[in-house]
Each structure stands twice: as C-alpha cells, then as structure tokens.
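Asks: There's a structure below that I have some questions on.
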Amino acid sequence: MPTAIVWGANGGIGQALLAELGREGWQTAAFARTITELEGDNLHSFKADLSKPYTVQEAAMSASYEIEAVDLWVYAAGDIDKTNAAEMTPALWQRLIEANLSGAYLAFHHSLPLLAEKAHLVFLGAYHEKLRLPGLSAYAAAKAGLEAFAQTLAKEQRSRRVTIVRPSAVDTPFWEKVPLKLPPNALTATAVAQQILAAYHEGHKGFLDL
C-alpha cells in the first residue's frame, strides 16, 4: 500500500486530494491546524500549526509511529490577504510568509525521516508573476520564494522528484479571500488533486502548470 503525506489537509485542494488518495487505496497522513473534519479509510490525522515549529515536529514524530515510508509528500497549505504593504502589520506579513513559505520548509525538514528514498515531493505554488498586484505583496513574495526553495531543493534531493504545481484559479473557499473575480473556467479542487496524482504516477518533476 503506497503512503502519502498531505500538509494543509483541511483546505479545498487538501481535502480533494485526501478523497482521491482514499479512492486509490493509499495510506495517508493528514496534517492540519484543525482535524475534526478529516476522516477516511487508512487516514491518520495530526494537528499541526505551521507557525509553531514544535507542533510540526511533534506531529511528524507522531506520524512516524502510524505510517510506512512516504512515497508522495504534498505541501498544500497557504494563506492570502489583500492589504497594501504600507497598511500591513508585521504580524500579518509574518502570518502570510509562514503559511506559504516558512511552513513548507518546516514541513519538509521534519518529514525527512519519514520519506522513502525516492519519494515524490509536491509543492502547491501559484502564478506569482501574475499576482504582483496592489495588496498582494506578501502573498506574491512568499509564493515566489516557495518556488525558489522547491527548485533548489530538487538539486539537493537528487534521489527524489520535486514538482511545483501552479494552478490557475481554483473554485475553493480560499478564492473568497482573493481580490479577483473567479473566472468561469476555474478549476475544481478535484481536478487539481487528480493532476497531482497523475504527476506522481507519470514520474513528473519540475513545473506543473494547470
């Protein structure tokens, strides 16, 4: 039975991915700030606040007692807010950087002992170059940083594949916080989840633009 980890499992894409993994018979470890709604066959849920390194470490350690070596690792956590830099508080800036960038490092770092030798690492990115709009400075900067981090990690973790998924608009509750109108051709969370699993099965690495 293959094993997957999903960080940010209670988001729209995270939940859709858990559903697809369940349909394919995967064993899954789901990490989220709140886990009350996470359930399913072969699913283990762990509470982790990505802004608090100790909770991430503790959750990963707890998972090590429940799951086998991880074949697919996904970072699907994120946050967004529309506030101009001049009005943004340091706390808000920090929150957005932690959710979209620093949390990815923490999740990867503390997951390392769990990863199979040829594990596939997937980071949920964004078309950050198109999101350099008023009010989105922190989000765009964090997603650009995430992309740079993942690309560099791919060179460090040469035995493992790294995929950076860059979806266009996705119809999830997350979009309600985006200061743009949802386009009629927006992707569904299920479509994104299916593309992530297809990338795993096809041996994909690099950018996956959706």
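The values are calculated or read from the model by the stated rules, or taken from the named source; none is laboratory data. Just so we're clear, the structure is a prediction, and the values are computed from it rather than from any experiment. Positions of Cβ are generated from backbone atoms using ideal geometry, with glycine treated the same way; all protein chains shown enter the neighbour counts.
Asks: Within the stretch 4-38, restricting attention to residues that are crowded, with 24+ Cβ neighbours inside 10 Å and β-branched (Val, Ile, Thr), which residue is farthest from the chain's Cα centre (by Cα)?
Replies: Selected residue: THR28.
Asks: Among the residues of the stretch 152-194, count how many are assigned to a helix (DSSP H, G or I) and closer than 15 Å to TYR127 by Cβ.
Replies: Selection size over the stretch 152-194: 3.
Asks: Another question, then. For the stretch 152-165, give me each residue that is surrounded by fewer than 18 Cβ atoms within 10 Å (Cβ to Cβ), of a type in the set (D, E, K, R) and either touching an Asp or Glu at 6+ places or on another chain (Cβ under 9 Å) or in contact (Cβ under 8 Å) with a residue 40 or more places away in the chain (or both).
Replies: ARG160, the sole residue that qualifies.
Asks: Here are some conditions: (1) farther than 25 Å from ASP171 by Cα; (2) without any contact (Cβ under 8 Å) to a residue 60 or more places away in the chain; (3) surrounded by 21 or more Cβ atoms within 10 Å (Cβ to Cβ). SER51 meets all but one. Which one does it not meet?
Replies: SER51 satisfies every listed condition except (3).
Asks: In the stretch 166-202, how many residues are modelled with pLDDT of 95 or more and loosely packed, with under 13 Cβ neighbours inside 10 Å?
Replies: Going through the stretch 166-202 one residue at a time, the tally reaches 3.
Asks: Then there is this: Could you go through the stretch 88-107 and let me know if any residue there is in contact with a strand residue (DSSP E or B) (Cβ under 7 Å, 6 or more places away or on another chain), touching a residue at least 24 places away in the same chain (Cβ under 8 Å), crowded, with 21+ Cβ neighbours inside 10 Å and of a type in the set (Gly, Ala, Ser).
Replies: Scanning the stretch 88-107, I find at least one residue that is in contact with a strand residue (DSSP E or B) (Cβ under 7 Å, 6 or more places away or on another chain), touching a residue at least 24 places away in the same chain (Cβ under 8 Å), crowded, with 21+ Cβ neighbours inside 10 Å and of a type in the set (Gly, Ala, Ser), so the answer is yes.
Asks: Taking only the stretch 132-151 into account, find how many residues are surrounded by fewer than 19 Cβ atoms within 10 Å (Cβ to Cβ), over 17 Å from the mean Cα position of the chain (by Cα) and among the aliphatic types (A, V, I, L, M).
Replies: Going through the stretch 132-151 one residue at a time, the tally reaches 1.
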